[in-house]
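I have placed the structure first, in the form of C-alpha cells, so that the comments after it can refer back to it.
Laboratory data are not the source of any read-out in this text; all were calculated from the coordinates shown. All values reported here derive from a predicted model rather than from experimental measurement. Here Cβ is always computed from backbone atoms with ideal geometry, including for glycine, and neighbour counts include all displayed protein chains.
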Amino acid sequence: MIGRGHKVTLLCPADAPIFSAAEKQGIPVHALPIARKGWHGVKAMREWLGTHSGISLINTHSSTDSWLAALACVTLRRPPPVVRTRHVSSTVPANRPTRWLYEKAARHVVTTGEALRMQLHRDNGLPLNHLTSVPTGIDLSRFSPGDRAEARKTLGLAPEGLYLGIVSTLRSWKGHAYLLEAMTLLVEDYPDLRLVIVGDGPQRENLDRKINALALKDKVMLAGQRDDVPLWLRALDVFTLPSYGEEGVPQAIMQAMACGIPVVSTTVGAIGEAVADGVTGILVAPRDSAALTSALSRLLADLELRRGMGAAGAERARKYFGLDVMLDKMETVFINTVSRG
C-alpha cells in the first residue's frame, strides 16, 4: 500500500514480532499496549487517534484490536471508519455486542475466503453487501518455481530422496501430530523419505518428544523459524498442511502452490478455495491419519502426478493469489468505505 502512494502506520505491542519486522522493512510502526482487551488499551488507542487527526481509515485484524479500536472510536467526535479483516473461520458469537462490533462499529468486513464470508452471512445474519472476500496475497516475485537441486544444496539437504514438508506455526490444530503418525507408515514404503517441519511455536517440545517416541528422529527435521521459506518450499516434493483448526486460506498453502509444489491438505475453513482437489493437490478429512497417509502416498509414488499438480497450482496461484490481486481488492474496499462517509 505504501508503494501505491498511501500513508500507512502499523499499531501493535512493542514485543510483537511484527514490530521489529516493520522496523527492519522501513514501515512506520508505533507501539501501543494493545495486546489484550481492556480499558488501558482503549485509552491508548483513543489517545493515539486523538493526536493523529489525518487518519482516513483503520484496518483491524483480530478480535482484540477490533474491540479496542471500536470502543476508542465511539468516544471520538470524528472517528475514522473501521474495516475489520477476518482471517479465520472460528465461530463468531451470535449476541448483540458482537453484532454491533461487526455491523455497526465496523463500516465493512473483509474475510480471507468466500466460505468465511458466507459463514458470517448464514450464522450471524450480516448482509452480504457488508462483506467482501479477499484472499491474502503472496509475493510472486519471491514465491515461484525454482531449481529443486539447487535449493537442497543451498540448505544442506541430501540431493537424493523424497522430501515432504510443512510450513506453519507449531500449534496443535495445524495437524503435525497426525502428520507424524502418517510418517510412521510412509517410511515403510518410502525409506528415502524425509519430513521437514519449518516454523516454531508452542508445540515445539511436544513435537520433539513425539518424534522421539515414534522413532522418527532420523526421518524428521525441525528447521525452526526461517526467513528463507521459498528455498525450503522449492526443495520439497510434496507440501502438506493437515490442519483441523479454524483456517481461512493459509498463506503457506498458496506459497507452496506458487512454487509449483503439489499440496495435500484438509477440507476445513476456506482451504478448498485455494487447493483444487484432484487438480492442484488432494484434500482429505481432518484428523484422519489413514486418509492423510493414503493421499501423501499417492503423490509420493507418482512423479508425473506431482509435476502436473505442481504446475496447475503455480498457474492457479499466479491467477488468483498474487499480491497485486489482493491490493487491488483491498484498495477498492478502503476507497469505497471512506467515500461513504
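Values as computed for the structure displayed
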| read-out | value |
| --- | --- |
| Rel. contact order, % - alpha carbon contacts under 8 angstrom, at least six apart, the chain | 15 |
| Cβ-based net charge around Arg84, under 12 Å, with every Lys or Arg adding one and every Asp or Glu removing one | +1 |
| Among 205-217, 33-45, the order from most to least packed when residues are scored by Cβ within 10 Å on average | 33-45, 205-217 |
| Charge dipole of the chain about the Cα centre (unit charges at C-beta), most positive-ward option of Ile166, Ser339, Leu10 | Ser339 |
| Net charge dipole size for region 148-320 [Lys, Arg +1 and Asp, Glu -1 on Cβ; Debye, nearest 20] | 260 |
| Cross-link table Lys104/Lys329; Lys24/Lys329; Lys37/Lys104, entries beyond 24 Å C-alpha to C-alpha | Lys24/Lys329 |
| Pairwise label distance in nanometres, Leu327 with Ser172, each label 7 Å out on the Cα-Cβ vector | 4.0 |
| In order through region 96-111: 3J(HN,Hα) via Karplus (6.51 cos²θ - 1.76 cosθ + 1.60), integer Hz, x for Gly, Pro | 5, x, 5, 4, 4, 4, 7, 9, 9, 5, 8, 5, 7, 10, 10, 10 |
| Pair Ala290, His30: separation of 7 Å Cα→Cβ label points (nm) | 5.7 |
| Net charge contributed by nearby residues that have their C-beta within less than 15 Å of Thr51 (K/R +1, D/E -1) | +3 |
| Cα Rg, Dmax (largest Cα-Cα span) when computed across the chain, Å | 21.4, 67 |
| Glu103 versus Asn129: modelled label distance in nm, points set 7 Å from Cα along the beta carbon direction | 1.5 |
| Cβ-based net charge around Gly175, under 15 Å, with every Lys or Arg adding one and every Asp or Glu removing one | 0 |
| Neighbour-count ranking [beta-carbon atoms within 10 angstrom, fewest first] of Ser66, Ser141 | Ser141, Ser66 |
| Within the chain: Cβ-based charge dipole about Cα centre, in debye rounded to nearest 20 (Lys, Arg +1; Asp, Glu -1) | 1440 |
